[in-house]
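Undergrad: Next up is a structure, given as structure tokens.
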Amino acid sequence: MAAGITKLDAQVGITSSPDKFFGFFKNNMHNLVQMFAQNVKSFQVLGGGPIKTGSVTYWKYNVTGTPETAEVIVQSLDEENKSIDFVVLGGDILDLYNGFKAKLHVIPSGQGGSLVKWNVEFEKRNASDPNPEHHVNFAVRMSKGLDTYLTRA
């Protein structure tokens, strides 16, 4: 029996500007493979081209201790508001969830820094299935690591 839609939110303050951090996700997401090689094994835009609304991406990753794959569509990419909505179309995570969506939103904060918000929305297949805490925690760790990289660049 499905458990209904559940949301998890996380946020992290960073020193990078919203333009720089969001720009990385828009233009350089493929670099996550080299930057987080322990967790992100491969990334590609199916059909090639830049990340934009409607782009379908394919990921191989490991954030739970088990290798996983995901086919993900960029449901919307909003440059003005610095947000990207991702929807999982297929892959291992859908073994546990009937649906899985994630949103990245980068908001300006004081002294040129940013607040990175991650929102995950999912529907468990069974009420006893776990929340995707590992995925949310990885998004936070990745945001911090990416901020460190961007402030050195």
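Nothing in this text is a laboratory measurement; each read-out follows from the coordinates by a stated rule. The structure displayed is predicted, hence computed values, not measured ones. Don't worry about glycine lacking a Cβ; one is built from the backbone with ideal geometry, like all the others, and counts go over all protein chains shown.
Undergrad: Rounded to the nearest 0.05, what FRET efficiency do Thr64 and Thr151 give with R0 = 22 Å and r taken as the Cβ-Cβ distance? Could you check?
TA: 0.15
Undergrad: Another question, if that's okay. Return P(r) of the stretch 5-152 (all Cα-Cα pairs; 10 Å bins starting at 0; whole %; ordered from short to long distances).
TA: 11, 43, 37, 9, 0
Undergrad: By counting other Cβ atoms within 10 Å of each Cβ, how are Ile5, Ile14 ranked from fewest to most?
TA: The most exposed by this proxy come first: Ile5, Ile14.
Undergrad: Another one. If we count other beta carbons within 10 Å of each Cβ, what is the order of Leu77, Leu94, fewest first?
TA: Exposure proxy ranking, most exposed first: Leu94, Leu77.
Undergrad: Structure shown: which of Lys26/Lys52; Lys101/Lys124; Lys82/Lys124; Lys20/Lys82; Lys101/Lys144 lie over 18 Å apart, alpha-carbon to alpha-carbon?
TA: In this structure, Lys82/Lys124; Lys101/Lys144 lie more than 18 Å apart at Cα.
Undergrad: In whole Hz, with x marking every Gly and Pro, tabulate ³J(HN,Hα) for the stretch 10-16 from phi via Karplus 6.51 cos²θ - 1.76 cosθ + 1.60, θ = phi - 60°.
TA: With coefficients 6.51, -1.76 and 1.60, one gets 9, 8, 8, x, 10, 8, 5 Hz.
Undergrad: Tell me, what is the FRET efficiency for Met35 and Thr6 to the nearest 0.05, using R0 = 25 angstrom and their Cβ-Cβ distance as r?
TA: So, using R0 = 25 Å, E works out to roughly 0.25.
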